[in-house]
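A short worksheet on the structure shown next.
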Amino acid sequence: MSALSFRKKNETQGEKGEGNFKYPGSRAALDGNTAVIMCERESSDAAGAYPITPSTQMGEYWAEAAAAGHINVSGRPLIFIEPEGEHAAAAVTAGMSMTGMRSANFSSGQGIAYMHESLYAAVGTRLTYVLNVGARAMTKSTLNVHAGHDDYHCVDDTGFFQMFAKNAQAAADLNIISHRIAELSLTPGIIAQDGFLTTHLIESMRVPERALIAEYLGQPDDIIDTPTPAQKIIYGETRRRIPLLWDVDNPLMAGLVENQDSYMQSVAAQRPFFFDHIQALTEQAFEEFYALTGRRYERVMTYRADDADYLIVGQGSMVPSAEAVVDYLRETRGLKVGVVDMLMFRPFPSDLIGRIIQGKKGVCVLERLDQPLAVDLPLMREIRATVSKCLENSKDPKNPAYPELAAYKSLNDAPALYSGSFGMGSRDLQPEGIVGAIENMLEKGPRKKLFYLSIDFLRDEAITPKQEIYQQTIQEAYPRVKELAIRGSENPNLMPKDSITVRFHSIGGWGAITTGKNLAMTLFDLLGYHMKANPKYGSEKKGQPTTYYLSAAPEPIKINCEYFYVDVVLSPDPNVFGHTNALAGLKEGGVFIIQSDKESPEEMWESIPPTYQKIIIDKKIKVYYLDAFKIARDEATDADLQLRMQGIAFQGAFFAASPVMKQAGLTEEHLLDAIHDQLQEKFGSKGKRVVDDNMQVVKRGFDEIHEVVPGPITDDSKTAGGKRKLPVMVKPLPQSKAPMSDIHRFWEQTGSFYARGMGNDNLTDPFIGLGVMPPSTALFRDMTGIRFDHPEWLPENCTACGDCYTVCPDTAIPGLVNEVGQVFDTVVNRVRKNGNGAQIEHLPKAAKLMERNLHGLFKEAQESDSVAALMDEAMAQTVKQSELQGGEKKKLQKEMDLFREELNGFQFALTRPHYTLPEQDQPGSGGLLSITVNPYTCKGCMECVEVCDDDALRPIKQTAESVQLLRDNWDLWSDLPTTPAKYIRVDDIEEGIGALQTILLDKANYLPFTSGDGACMGCSEKTSLHIFTATVEALMQPRIAKHLAHVTELIARLKKHIQLRLAGELNVSDPEVMAKVVDDIGDQDVTLAAIAARMETIEGSQPIDQSWLRRMTSLVAKLQDLKWKYVEGTTGRGRTSMGMINSTGCTSAWGSTYPFNPYPCPWANHLFQDSPSMAMGIFEGHMAMMAEGFKAIRAVELELEDKYKPAEHDDLFSYFSWREFTV
């Protein structure tokens, strides 16, 4: 039956109403990944896949179904193979398809590119498998795992047919349809959905029934009528639904080699005999699906396009948003705008698109990628080619060159075309962006032909004076760069009437996703609403701020974006105001619920920053708080679940504070029963106890919420201004001479914006385009806001085992050993530095006496005695022993008080390894151990507490006072000198002999790996990397010092060598000759070369070998440059001790997420599997650079030994490489 016949028949059926469709689907709320597997597990026999974000869950869910023994509609258990990579996965899938199995694959991003060559072969052998793609941006200047269409379009030359789903419903339906098309056309297919934005977005849909799949697809070994003439020539009137290419009963050879005589014919034959049938077979498959389900799909879908003057054309999840914007602009502005969904890309539906866009005033094609060296982006290229062919048809309308295409009668039929790039890497596309794209096409619009949505190259108003200057620099060099960006004139709220929209602000690992999903499903089940729920995924890990969005409405929700306009904000993160405007977009009269342990509503109100207090009052926001952590601690029988369960309490708080219960007419009993059902479904497999614990947390969240009545706005003098100060640990770092490695430049242009919570507002400038970061930018980050507790050190219990500072993954609890004199000198200097220099008269001398007194007290003390108490006693002794009288003694006492204030309770310990044993060997040589918490990098993981067997570290609740004390102590620690070498108990670092953990006592080893990154709390991977980095530093620093000393000595010896030779060869004893030489030189610079040249002229001989002199001065310059690179260099920090090539994985996610770089050295991440190969290339290039320095050293050594022979050594040094390095 033809596609047209199917269409007419189904339209007749549709007139009878939806109830006549056999398979309307079952109502559910699923994400796109799950929706696909709900279909695949019923239809397909086998899958080969390798996990890659964001399609990983498809493979995981398939594997789970296979492991559970699921039987598909063909009566077969599922087969799953996970090979070594995506290239292999494509081959596995091809093999299973060759044996007649209905097969599938799941992949994204680089995985698609990696399997690229395999896809050509799958087409060439007419396989029938379906590749499900979670469309993802490709690694270009940087790695991104979020939505982009680079992968979808990077394989559009392979011969796979390609379709793109706009939502989870379409992803499920088109997955089934794709199998049907593939098996009819004998061509493999790709069905894509936007990574994260559809794959992970939970939304209401109709799940295709198992019976539908059985009837629509049948079984792989069914005998069917052969669909095309070409296939009938091959198979006869009937064939197996999925033909066998590997069959011992009917053996064939596949994967042939063809030469000049036959290759071209084999390629060309595929077009008429296979590819040209796909269009009709696709329409047949669509019509058959409509007949069974009532859900219609077409190769090109349109929305309000027939009467439109302007069209938005796109693919994927932006299409529903565009539809919502179109409705809004038609209603509010009377603009005739429509939407075109390019559901099918291969074969390109030029026959449809040519007619749809004919005669329109403007067509804007929005694409989620950029191909800057191409004449157009992929969709636009195809559309522009279609327009060209339609115009060509007008040359001879009776005999059009392309009869299936429209014939444009004139240029007026060809619309103005506009190309926009948007949403790359899941960049949020608000309605404002689509409004801007439409406004650009209007008669009074700018009509930019190529543009980017929702980013800025230059701002209309710079945020800082320095940014203003920087913007002027860019604008002068690129006067039109600002025109590349488009912004809309408004950002309307396009949520349906009576919808409810919720935003969560939480911390990774605190259960926000679970809470959000549970809340969404409760609303879905209780209210029967349509819903959407999705977390804002990033490469940040546990312990980092996260956001979750949820909406529910009585009608379908079209808009796909981060919800700016919200009814309720839930913040399990009590420190949210420190890094985010949690009230942004909260509607007037909206509800805000935050975690807090404050004792009273008044205290809670006072803790809110004044800026936000004013917003709350102005917008009449209803504020509530609850101590969800206390609830979780009380109720969780498993301590590990406390963090996650506190989020569950917010589910109860939501229903208590929001108007949902009242609007829905729900009783508390009905509500709690529904929540219990959700928890049972979510956690039932974990046992009744887990369900009951969570249910009790929900109930207490409902009951223990407290309303905050706004009081007066507190004094905002402390928070005025808003400019972020340069982070403490960044201040002492030198300014790099190269802007791209200058951490201070990076702070001003980038880091300070992230610190304000304005990371989205980064400029699109040359630096961000280069895709690099300076070293150590993770120092920008302050982790104070993400922890509730921090460790406290009890020095009297400490045995100096070193386990705490060794296990800490965040370089957050360094150990340090100092002599008493070092400590006192540091404190005295700080007293002077902190504005008391004029008052210091007696303290420096008294500190020496105090040191002796303290040593005397230490002799009588036990290791468990308090050093702080002994210091107080030594201070008292010193004042008492002083010979000063009257006012001078009072002055000494005052100076001692300043000393005590500066010390500020900083803790030290007497320990056996660092004090007792050294004192036994040499009195007065013992050192004081300090263990100090870095308040800026500590995440509160408590790994240090876990490994401390001496009860020397305990977790304490974080307060404003405890944080200030940590910061004061850290400030003092920063001024203390590093641990003297005598306390680092390593006999041979090269051989690994000694107490190796003590290398971490050296600041130069402990600190280079800076932390402040996005790793999970307690990340053992980071612990390993910290130890590795510190060990390399400990190995390299002595080597570098030795090398530098040698270079310094060579420079001095070479200079002396040159002087001696010049003194011996230049006759400067004749005053008349020297006078004439000076006269000849005149006002020019007097150089040795000039003197030698004049003397040669006067005396008729050459006193100095010019080539030798040039070579010597060149060698001196090279050695001095080499020394400069080690001592200072471009960055001011000297040459780094190491470099690192990283394999993509967790280490790249937490270790290189912009803009926080924890590494002090060159670091590179290329692709998933090629770090060894990349390292080989870098090694060769790096060693070639290193060889230049060693060549200079070798040449100087030969010269000083009078062994340098140009004829021999010049050639040697031309071929000098790392293979000639000495060990």
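The values are calculated or read from the model by the stated rules, or taken from the named source; none is laboratory data. Bear in mind the structure is a predicted one, so any value in this text is a computation, not a measurement. Ideal geometry is used to build each Cβ from the backbone, glycine not excepted, and the neighbour counts take in all protein chains shown.
Observations on the structure shown:
- With respect to the stated conditions, L666 is at pLDDT below 90, hydrophobic (A, V, I, L, M, F, W, C), touching a helix residue (DSSP H, G or I) at 6+ places or on another chain (Cβ under 8 Å) and not in a helix (DSSP H, G or I).
- Residue in segment 977-986 that is closer than 19 Å to T811 by Cα and among the aromatic types (F, W, Y) present: no
- A single member of R210, R206, R239 is in contact with a Gly (Cβ under 7 Å, 6 or more places away or on another chain) and surrounded by fewer than 22 Cβ atoms within 10 Å (Cβ to Cβ), and it is R206.
- Qualifying residue in segment 137-145 (condition: crowded, with 24+ Cβ neighbours inside 10 Å, in the same structural domain as P51 (by TED's automatic domain parsing) and either farther than 30 Å from N1165 by Cα or acidic (D, E) (or both)): no
Conditions tested, residue by residue: (1) assigned by TED's automatic domain parsing to the domain that holds G757; (2) over 26 Å from Q642 (Cβ atoms); (3) not aliphatic (A, V, I, L, M).
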| residue | (1), (2), (3) |
| --- | --- |
| T522 | no, no, yes |
| M531 | no, yes, no |
| L550 | no, no, no |
| A553 | no, yes, no |
| D567 | no, yes, yes |
| L570 | no, no, no |
| N575 | no, no, yes |
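- Matching entry among K482, K532, K497, K466 (being under 30 Å from D1013 (Cα atoms) and either among the basic types (K, R) or surrounded by 15 or more Cβ atoms within 10 Å (Cβ to Cβ) (or both)): K466
- Considering A952, A960, the condition of being more than 30 Å from the chain's Cα centre (by Cα) and surrounded by 14 or more Cβ atoms within 10 Å (Cβ to Cβ) is satisfied by A952 alone.
- The numbered conditions (1) of a type outside the set (K, R); (2) outside any helix (DSSP H, G or I); (3) modelled with pLDDT under 90; (4) assigned by TED's automatic domain parsing to the domain that holds P1162 are all true for Q1059 except (2).
- Test: residue in segment 815-827 that is among the hydrophobic types (A, V, I, L, M, F, W, C), farther than 20 Å from R900 by Cβ, out of contact with any strand residue (DSSP E or B) (no Cβ under 6 Å at 6 or more places or on another chain) and part of a helix (DSSP H, G or I): no
- Residue that is farthest from V576 (Cα to Cα), among those in segment 514-529 that are touching a strand residue (DSSP E or B) at 6+ places or on another chain (Cβ under 9 Å) and crowded, with 21+ Cβ neighbours inside 10 Å: Y529
- Number of the condition not met by A812 [criteria: (1) at pLDDT 95 or above; (2) assigned to a helix (DSSP H, G or I); (3) under 46 Å from the mean Cα position of the chain (by Cα); (4) not aromatic (F, W, Y)]: (2)
- Criterion (of a type outside the set (V, I, T), within 35 Å of the chain's Cα centre (by Cα) and either modelled with pLDDT of 95 or more or surrounded by fewer than 24 Cβ atoms within 10 Å (Cβ to Cβ) (or both)) met by exactly one of Q279, Q315, Q284: Q315
- Where strands (runs of 3 or more DSSP E) fall wholly inside segment 156-266, the ranges with 2 or more residues that are small (G, A, S) are 189-194.
- Residues within segment 899-934 that are acidic (D, E) and closer than 19 Å to D825 by Cα, tallied: 2
- Considered as a group, the residues in segment 419-434 that are touching a helix residue (DSSP H, G or I) at 6+ places or on another chain (Cβ under 6 Å) and part of a helix (DSSP H, G or I) include one that is surrounded by the fewest Cβ atoms within 10 Å (Cβ to Cβ), and that residue is P431.
- Residue check for I37: modelled with pLDDT under 95 and buried (at least 18 other Cβ atoms within 10 Å of the Cβ): no
- Filter pass, G148 being surrounded by fewer than 21 Cβ atoms within 10 Å (Cβ to Cβ) and part of a loop (DSSP other than H, G, I, E, B): no
- Evaluated against (1) surrounded by 13 or more Cβ atoms within 10 Å (Cβ to Cβ); (2) closer than 17 Å to V1047 by Cα; (3) under 50 Å from the mean Cα position of the chain (by Cα), F1213 falls short on exactly one condition, (2).
- Pairs linking a residue in segment 932-945 that is assigned to a loop (DSSP other than H, G, I, E, B) to a residue that is modelled with pLDDT of 95 or more and among the basic types (K, R), with Cβ atoms under 8 Å and 6 or more positions apart or on different chains, are P935/R967.
- Number of positions in segment 1134-1170 that are over 27 Å from the mean Cα position of the chain (by Cα) and either part of a helix (DSSP H, G or I) or touching a residue at least 60 places away in the same chain (Cβ under 8 Å) (or both): 1
- Hits in segment 444-479 - residues which are in contact (Cβ under 8 Å) with a residue 24 or more places away in the chain, part of a loop (DSSP other than H, G, I, E, B) and farther than 13 Å from G420 by Cβ: F457, L458, R459, I463, T464
Condition check ((1) modelled with pLDDT of 95 or more; (2) under 31 Å from the mean Cα position of the chain (by Cα); (3) basic (K, R)) across all residues:
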site	(1), (2), (3)
V145	no, yes, no
M163	yes, yes, no
R180	yes, no, yes
Q193	yes, yes, no
L197	yes, yes, no
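- Residue in segment 828-839 that is farther than 30 Å from L779 by Cβ, touching an Asp or Glu at 6+ places or on another chain (Cβ under 9 Å) and in a helix (DSSP H, G or I) present: yes
- Residue count, segment 910-960 (criterion: touching a Ser or Thr at 6+ places or on another chain (Cβ under 8 Å), closer than 30 Å to D597 by Cα and small (G, A, S)): 1
- Scan segment 238-266 for residues that are under 43 Å from the mean Cα position of the chain (by Cα) and at pLDDT 95 or above and the total you get is 1.
- Qualifying residue in segment 385-406 (condition: part of a loop (DSSP other than H, G, I, E, B), polar (S, T, N, Q) and over 28 Å from Y452 (Cβ atoms)): yes
- Selection count, segment 873-890, where residues are part of a helix (DSSP H, G or I), touching a helix residue (DSSP H, G or I) at 6+ places or on another chain (Cβ under 8 Å) and either touching a residue at least 12 places away in the same chain (Cβ under 8 Å) or within 22 Å of R830 (Cβ to Cβ) (or both): 7
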